[in-house]
Each structure stands twice: as structure tokens, then as C-alpha cells.
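Right, one structure below, let's go through it.
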Protein chains: 6
Amino acid sequence: MKTLFFEDYELGHCRISTGRTITETDIVMHAGQTGDFYPHHMDAEWCKTQDFKQRIAHGTLIFSVAVGQTAGEINPEAFSYGYDKIRFIKPVFIGDTITSKCSIKEKKDDPKRPDFGQVIELVEAINQNGKTVLVAEHVLLVKKK
Amino acid sequence: MKTLFFEDYELGHCRISTGRTITETDIVMHAGQTGDFYPHHMDAEWCKTQDFKQRIAHGTLIFSVAVGQTAGEINPEAFSYGYDKIRFIKPVFIGDTITSKCSIKEKKDDPKRPDFGQVIELVEAINQNGKTVLVAEHVLLVKKK
Amino acid sequence: MKTLFFEDYELGHCRISTGRTITETDIVMHAGQTGDFYPHHMDAEWCKTQDFKQRIAHGTLIFSVAVGQTAGEINPEAFSYGYDKIRFIKPVFIGDTITSKCSIKEKKDDPKRPDFGQVIELVEAINQNGKTVLVAEHVLLVKKK
Amino acid sequence: MKTLFFEDYELGHCRISTGRTITETDIVMHAGQTGDFYPHHMDAEWCKTQDFKQRIAHGTLIFSVAVGQTAGEINPEAFSYGYDKIRFIKPVFIGDTITSKCSIKEKKDDPKRPDFGQVIELVEAINQNGKTVLVAEHVLLVKKK
Amino acid sequence: MKTLFFEDYELGHCRISTGRTITETDIVMHAGQTGDFYPHHMDAEWCKTQDFKQRIAHGTLIFSVAVGQTAGEINPEAFSYGYDKIRFIKPVFIGDTITSKCSIKEKKDDPKRPDFGQVIELVEAINQNGKTVLVAEHVLLVKKK
Amino acid sequence: MKTLFFEDYELGHCRISTGRTITETDIVMHAGQTGDFYPHHMDAEWCKTQDFKQRIAHGTLIFSVAVGQTAGEINPEAFSYGYDKIRFIKPVFIGDTITSKCSIKEKKDDPKRPDFGQVIELVEAINQNGKTVLVAEHVLLVKKK
């Protein structure tokens, strides 16, 4: 655990995760967790007839993995308020390897809570070819000093 | 499968899922899927010392479950573009039962793709006490007729 | 949910599921769920020495998946009484894609319950080559009007 | 492995498994494996409004577990032909403990295969109160000497 | 269950398990169970840059599988005291098939418990090429007659 | 990643993990992963008749979790050689919360590899009452400067 106040967050600061290969297991388990058994994720034969030719990972799987990868040390003064602008930029296939980047994109006052500021973290999931597959903005509420 | 064009989406149309109880199993499996073993989700003893007193579900778990619950019939003319304004409004505890609502909130032209429109679905996850625990806006790109 | 009485079931009516590829993950998870670690399912080397040359899915896995695939809308007036004539017609290998068909095969009075009738649903699991791999008869008890 | 021919199976011979408590985890995993998220298994709140008052295990879960429990030694001369008369006699709740019995109920010639006989094993799953919750008849094809 | 006293264990007695192929699923599930998402197990791209060229199974996975494979009949007079000299001799890759051997290596008095003896079982996990990948010594405390 | 040579390890240095509650899910998943369905872990009714009165976690589960919890930063100059003196000191029950400690207990030359030293890490898993439930010694081979 590491206490950080709003003032301690540094614009542009960036952390990068280790990589993780997205496996068939991840997709099957995520279908089982969410109940989303769409053929895009589960039916290899049907996928062969589609533009992308093979099964693709659920968007919520890649989002969940990227958020998990960028989880840093616990900061007791910060609260996760939500996410904005989640965009599924490229499909993720079985065997793709995802690395996630989390950088401080913006800091601003919170409109309703004078003791807190909003820290906007840009989360980017990048595949083994250097292509960004998903972006999202994480809104943190952080106590001011 | 059911083909729907942009024009076919009806503002205010709403579908409601069956309920699903969020279990300890869901949290343990989601930790295992994402690598997020924060004590908020995994350490019942530490949680007793916190305001919320008990383990809470991962935000990405509730988001993934709500998205899974509201997955309707496959529409080959629609593409998931992303999500906006995901907000974690209330904690979800082990044993809470989530029902999800998905309503058509807005329809608008897509700025870059004249053949497509944007359909904004409001996803709401609601617990057994009728309290909304999570909201998100799903942005669909849908072919025009 | 959709209420259907015995009289509402139509002989010959048929519903077909989306496809689902049976993965190594499914087999490993099913072994873990049932405790059946027979080499037929778990030992790729031993399987090479057998007629079928590769690991095969558990019969109970394919049965469970087919039943899951054909689960239609909930009918509060129907009760699952059991299954008859489950037959494992062909082995299912890792990577095979199963689609399930459920058709109303027979309707008859229930010998002991005058207010109920028996509806016999024929469940067929079919692989990507159009071959039936499993059949079973589902016996439903359904309230009469 | 233990080779047994048709003639070696003894009518009335019975084996009994160790017990296994059916957990919430088993139900959640089985829903994830089959895609059957019916509220009977997944929605504790809705279940409170039903006669059985609490979540019940999937029939296919109890069948799969009972079959797994009664899996004896591998007999290279026997083939599983299928199951008959699966009956869901009593609901199984979270926390119930299942023990399975497998007894040789019948031996008969196979109508199409003169070199084989049919051995009918009666599978019974019994809960902690001694009540039978599921029965099924396993049809084995066994080589004759 | 089968009661065996210290005197009943026979030096050199050996049992051999059926084989089990270590799958990507096993590694992904073990990462999820332990929280160990090291790139050695999870990042196929990074592994390509290392000497071993591909993902390797967690040591604790192979140890757990080998212990599970060698679990014999329950002996109510024996207690697992611990393990000594666990050695990870060779990496285990996805697709390797492990068979485990358990042999009685040593019997000795227990220094603190005169009514018990120590039985040392040598556990060996062997791959499809006959190479030992893991060894461990299991220390059992067994009641004397 | 953080490069540490043999000389950089400091005797007595200790790191402590966050806590993790051992759940019924962990036990059910570990049984499924290892194939160990002994009634000690799986049969709540039988356990009531035993001294410990309730289901206990597999030793290999607690060992795997403790090793996972103490996994620090990756050191490319260190190799895991094995474990010694794993001792199961107290049973772990469902709901117990484990915290793990890893301290540098000993440093010594490696008898066969002059360029490497052995670093012995003492791993201790401690429950919510401060009782040690498992100890093990991790033998690391670390490159000398």
C-alpha cells in the first residue's frame, strides 16, 4: 500500500505491465462468467465464414484483463469512480499477447467534492504487433492534501 | 439472429434480464481471470476493518455480467463501438442479486460514417433492493437502410 | 418467461441452437467438475495408441452442453421429468463444433397425473460435418389447460 | 486398468462412492460450462418466491457428478453405449452431499452384435438424508469371452 | 478406505498413475488460483525470447498434479506430515504428458511420537519421453500396530 | 523486473503479502485441478464425523497460494531450484485468511556451480489468528557478480 494524494499524481507518468497471452481458456472462462456464448467467441466454424475468420475475445474480457494488468499499488486515498471512452479498436484473437499501459492523462477538480480531485488515467491495451486494441479512460477520485 | 437497421431501433425500448446472484465463486474466478487480487475482493479479514465491512465484487466483474445479461439477439448489422460513462454507483456484495436493464437512450448520426448511425443503449445493473449499482452507455454502430 | 400448456406444444416444432466449439478447456473443466480423469479425455499420448487417436470429450460433457444449448424460454407450467435413450453415437474431439436441435417428438397423457401431459423432446447434437453425435429424449411434464 | 468380459459381470454387484458436497461453486461452474443461467440455479432472490425456496443444482450437474463418482476402473473390453431412464427424483440444494451407488441390474444379449452383451448398471445418487435424488441406467456394451 | 499400519508399508512398493497431458488450460487456471502471472507461464511472446522458447508450467502446478495423481486409497491411520526435497528437474511445456510414480523409499521411527513411524514416499513425475521432471519426498506419519 | 545478484540478497530481509481468504471455491477448483476429491476436502458430512469437524484445504493448495503470494519481482539472475521442509502445521478451513511471509534465511555456495550461490527463503503462511499453518524453504540458485 502506498498513500498518494491528488497533488502527488504526475501528469504523463506511465506504467507498463508484463505481457499476457489471451488464450482459448480465457475466452471459454469469460463466456462462462458472463453468459455471453455468442458465436463470435464460441463457434470456430461460423467464424470462418466471417470477415475476421476466427474466434475473437469478448470486449469485456480484454477490458477486464487490461484493468487487471494496470492495477498498481493500492492507494487508500483513491476511489475508482468509473471509466469513460472505452473503445474496442481492434479484435483480439486467441494467441495474441496483450501488454497494458496506464498513463496520467489529466488532473482536474471534482465538480461536487471540493476535497477531491479527478485523476484521469489513460489505459491502453497493445498487442504483440504494437497495435492498440483497446483504450479507456479511468476516472479516479483522489483526496487532496 | 435478427437483422435490425438503424431505423428499426426504437427510442425508449427496454429489455430486462433475469436476475443473477453474485457469488463468492464469481469474485474468485474474476480475480483469477484478471489477476486483480486486491484485498477489497479477496481478504475478508481486512474488509472487516473497512467502511464496507465485507468483500466487494470487482467493478469489471459487475460490468462484464451486466453486459452479458443484456446481450440480446445477434444483429448482423450492428457493431459494438465501445462504452461511455461507466459508473460504479454502489458496491456489490457476495449474495447480492443483479438484474440488468438495457434501454435505447439516444440515436444519432455517426460523424465519420454516413451509412451508419449510433445507437446509445443505457445499461443499468440493479440490485435486489431496487438500487442501481452500475450504469454504462453502450455505443452501437448500426447500418442504415 | 412464457407460459405454455400441454395443448400449446406443437408436434414437430423444432428449434436450433447456435454452434459451439468444444475446446480442450471444456474437457479439462469437465474432468475437474466430475472427477473423471480417464486417459480417454486427459492423456493425449495414450490416446495416440487407441483407435480414435486423440482425446475425446466426456459423454456427460456433450450431453450437458446439448441440454444447455436447447434450453429455451422458461415455461412455468413445465417440469423436467428426466431423459431417456441418451446415446453416444460418435466421439467428439477437441475442435469439433456442436449445434443442437430440439424437436417435439411425441405428446401423451401422464399415467399417474391426469392434469399433466408428457411432452417428449428429441435432443440431437450435430457436429460440423452434419453428423449426429448424441441423441436423447427429454421428458417434460406439462400442465394441461 | 482391469479387463472384464461380459461373463465376468456379476448381477447385483454394487460399488459405492465417497461423498461429495454439492457447492455453490459447482453450480456456478456448471452454468458457465453449459450456458444454462436459468434463475432456478442462479437467482437466489427469485428462488425465495418459489416452492423450493432456494437455488437448485442443474440436473445435468448431478448426473455428471454421479457418473463421475461411479467411474470404476477402466475396462478396455467395455464401451459406454448410453443411458436410459434418467430421472430427477428430488432437487439437490447447495450444501447437500451426494454419494453414488452403481449396481449391476441386468445382463442381456445385444440384438445387433453377437460378440457383445449389454450390461445395465443402475446408477443412484443419494443425499445425506438417505434419499435418492437421481437414478439412471447405464448401458454398457461388453465383449464376450 | 483401507487401513494400513506402519508395519504394513513395504519398502520398494511402487504405484504408477495414468497419464495426464498438461494443457494451456491447466496453466491459466493455476495462474488464476495462485495469482502467479509471471511471463514464464503467461506471455508466449516473451517466452520466445528466452532459452526455453515457450511457456512453462508453474512448479507448484506440476507438484500439485503429481501429488494428486499419486493419491492412493485413503488410509485413516496415516497423516501427511509434509514434503522434502522437491526439485524441479526439467521444465514442463504445454502438451507434455505426465505420469507419476510413488514408491516407498524409507521407513523410520518418528523422533517425537513413539506410536508412529515415518514412511517416506518418493514421488516422481515423468514426461512422455521418460524424463523425470519433478521429484519430491512425501513424509507420512503412520500409526504403529 | 529487477536484477539481483547473489551478493545483493540480504540475510533477514522479509516481505509480507496482502491477505487472502481461502474459499470453498478455491478448494473445489483445486480438487478439479489435481483430481484429489478426498472426503477431507469435498464431503462436509463425513468431515463432521472427524476431529477437525469441517472440510480442510488441500496441502498443495495452501502451498501453491503461499508461493504465489510471495512471488516478488522477477529476477532474471535467479532460478527456482526447489523446496525443502514443506510442513503442514495446522489445517486451513474455508474462510481462513492467509498472509504469507518470505524471509532470507540463509545464503551458501552451491556445491556444483561455482558461479552460483544458494539463497534459502523461508516461506511462512499465517492465518487470521497469527498461527503459522505452513512453512517451506525455497531454494533459489542466484548468479554471483
Response to the item:
Phi angles of region B:31-47, converted by Karplus (6.51 cos²θ - 1.76 cosθ + 1.60, θ = phi - 60°) into ³J(HN,Hα) in whole Hz with x for Gly and Pro, give 4, x, 6, 9, x, 8, 9, 4, x, 4, 9, 10, 10, 4, 5, 5, 4
Discussion item. I need the shape label for the protein assembly as shown. Rule: rounded when a/c is under 1.5, else prolate if a/b > b/c, else oblate, with a, b, c from the alpha carbon gyration tensor.
Written reply: oblate
Item to complete: Report, as an integer, the average count of C-beta atoms from other chains found within 10 Å of each Cβ along F:73-79.
Response: 1
Worksheet, complete the sentence: Long-range share for chain B, i.e. C-alpha pairs more than 20 Å apart as a percent of all pairs, stands at 52
Worksheet item: Between C:Glu106 and D:Lys48, what is the label-to-label distance in nm when each label sits 7 Å out along the Cα-to-Cβ direction?
Response: 4.3
Practice prompt. Go ahead and collect, in residue order, the members of region E:7-27 whose backbone nitrogen is under 19 Å from a label point 7 Å along the Cα-Cβ direction of E:Glu73.
Written response: E:7-18
Worksheet item: Which value at 222 nm does chain B reach when only helices count, each DSSP H run of 4 or more adding -39,500 (n - 2.57), with the total divided by all residues and rounded to the nearest 500 deg cm²/dmol?
Response: -6000 deg cm²/dmol
Worksheet item: With springs only between Cα atoms under 10 Å, which of F:Ser103, F:Ser80, F:Ser17 fluctuates most in a Gaussian network model of chain F?
Response: F:Ser80
Item to complete: Run the dipole for the protein assembly as shown about the Cα centre, Lys and Arg Cβ at +1, Asp and Glu Cβ at -1, nothing else charged, and hand back the magnitude in debye, nearest 20.
Response: 0
Fill in: Net dipole in debye of region C:6-143 [+1 Lys, Arg Cβ; -1 Asp, Glu Cβ; about Cα centre; nearest 20]
340
Worksheet item: Could you give the distance between the Cα centres of region F:1-70 and region E:14-61, to the whole Å?
Response: 18
Worksheet item: Which of the lysines could be linked to E:Lys143 by a straight reach, that is with a Cα gap under 27 Å, when you skip same-chain ones fewer than 8 residues away?
Response: E:Lys2, E:Lys85, E:Lys101, E:Lys105, E:Lys107, E:Lys108, E:Lys112, F:Lys48, F:Lys53, F:Lys85, F:Lys90, F:Lys131
Worksheet item: If the label point is 7 Å along Cα→Cβ of C:Thr18, which residues in region C:48-89 have backbone nitrogen under 17 Å from it?
Response: C:65-73
Item to complete: Just rank D:Ser64, C:Ser100, fewest to most, by other beta-carbon atoms within 10 angstrom.
Response: C:Ser100, D:Ser64
Discussion item. I'd like the chymotrypsin sites (Phe, Trp or Tyr not before Pro) in region D:10-93 restricted to DSSP loop residues with at most 12 other Cβ atoms within 10 Å, sorted by number.
Written reply: D:Phe52
Worksheet entry | GluC sites (Glu not before Pro), loop per DSSP, at most 14 other Cβ atoms within 10 Å - longest free stretch of chain F | F:74-145
Worksheet, complete the sentence: Partner shielding of E:12-23, taken as the mean number of other chain Cβ atoms within 10 Å, equals 5
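Only the coordinates and a few stated rules stand behind these numbers; no lab work does. These figures come from a predicted structure and were not determined experimentally. Glycine gets a Cβ as well: all are built from the backbone with ideal geometry, and neighbour counts include every protein chain shown.
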